[in-house]
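The values are calculated or read from the model by the stated rules, or taken from the named source; none is laboratory data. Since this is a predicted model, take the numbers as computed values, not measurements. Cβ placement follows ideal geometry from the backbone for every residue including glycine, while neighbour counts extend to all protein chains displayed. These area figures cover heavy atoms from the full protein model, side chains too; ligands, DNA and RNA do not enter into them. Shrake-Rupley method; radii C 1.70, N 1.55, O 1.52, S 1.80 Å.
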Amino acid sequence: ERFHLLPLMLTVETTAGGSTFATFMQQPDVRAEVDAYIAYIADRDPGVPRHKWIETTAAALKMLESGAMAEYPVAVLGELQLMLTGHAEVRYQMHEVYKAY
């Protein structure tokens, strides 16, 4: 079956209140989220050894907390998809085959 969709895809940027990496990474709630992510991601992919996830994530965290990143502003890019309701319903049907039960 062929699906005809008319999505509008936007990339949006949001900032973390003007924070730099130095100030952002020092916030207790940010650190708690980072720690929760590290615990979560380590067990997500059975094809990648747990220790590899932990090592890779620790290396990324070390870079973010380094002086090299300290003065860079924090920003998050996200994709936003806008579509008509009828098209969204078709899209949900298309993605039904990807769901694992």
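Kindly check whether there is at least one residue in region 73-81 that is open to solvent by 80 Å² or more (accessible area, probe 1.4 Å), modelled with pLDDT under 85 and under 21 Å from T15 (Cβ atoms).
The answer is no, given that none of the residues of region 73-81 is open to solvent by 80 Å² or more (accessible area, probe 1.4 Å), modelled with pLDDT under 85 and under 21 Å from T15 (Cβ atoms).
Being small (G, A, S) and either part of a helix (DSSP H, G or I) or open to solvent by 80 Å² or more (accessible area, probe 1.4 Å) (or both) is the filter here, so list the residues in region 54-67 that pass it.
A58, A59, A60
How many residues are part of a strand (DSSP E or B), modelled with pLDDT under 85 and under 19 Å from the mean Cα position of the chain (by Cα) if we restrict to region 15-53?
Residues in region 15-53 being part of a strand (DSSP E or B), modelled with pLDDT under 85 and under 19 Å from the mean Cα position of the chain (by Cα): 3 in total.
For region 84-95, what are the residues that are over 22 Å from the mean Cα position of the chain (by Cα) and surrounded by 13 or more Cβ atoms within 10 Å (Cβ to Cβ)?
Of everything in region 84-95, those that are over 22 Å from the mean Cα position of the chain (by Cα) and surrounded by 13 or more Cβ atoms within 10 Å (Cβ to Cβ) turn out to be H87, A88, V90.
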